[in-house]
Amino acid sequence: MGEHASATLARRAVEAFNKQDMATLTEVFHERIKWHTPGKSQVAGVKDGHDALFAWFQKLGEMTNGTFRPDGFAFYGDDDHAVMLVHLTGERARRNWTATRHWFSRCRTASWATPISTFTTSTPGTNSGHRKSREEKQ
């Protein structure tokens, strides 16, 4: 059994980002995409549409001197969603940064041609769905 079309679409998005392939990014992300990044940092918030998303991608590049890179290592999908596990790396202010996150996207792939319409990144300890158990709180 091969990879689901949603997982393939997500894989293409990560690969296109790393290659700075704007034609593919324009194809895989819906023109009215809503990209959610939780938290309170200067990169947090909702990016609404191609222009805002691609400007944000450019800002990430500027903030990290072009070193920000998501490396997807697991991709899962069904007819409505894709989930990616990604290892993020970058450098800012001469400090290396690394994190492992899950990314969730909504995409309708029954027709295969429908691009990703929503995207949510995770940040531990924020409203990303991570809730501390009683043991973790103590």
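Data table
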{"quantity": "Relative packing of 62-75, 90-103, which averages over residues the other C-beta atoms within 10 Å, highest first", "calculated": "62-75, 90-103"}
{"quantity": "Highest average packing first - 79-89, 47-57, Cβ atoms within 10 Å", "calculated": "79-89, 47-57"}
{"quantity": "Mean projected area in nm² (Cα convex hull; one quarter of hull surface) for the range 1-78", "calculated": "5.8 nm²"}
{"quantity": "Amide hydrogen neighbours beyond the local backbone of THR67, cut-off 5 Å, H modeled", "calculated": "GLU91"}
{"quantity": "Residues of the range 59-97 with amide N under 18 Å of a point placed 7 Å along Cα→Cβ from LYS19", "calculated": "69-73"}
{"quantity": "Cα→Cβ-extended label distance, 7 Å offset, between LYS40 and ASN65, nm", "calculated": "2.9 nm"}
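All of the numbers you see were taken from the coordinates with simple rules; none came from a lab. Since the model is a prediction, treat every value here as computed from it, not as a measurement. FYI the Cβ positions are ideal-geometry reconstructions off the backbone, even for glycines, and counts take in every protein chain you see.
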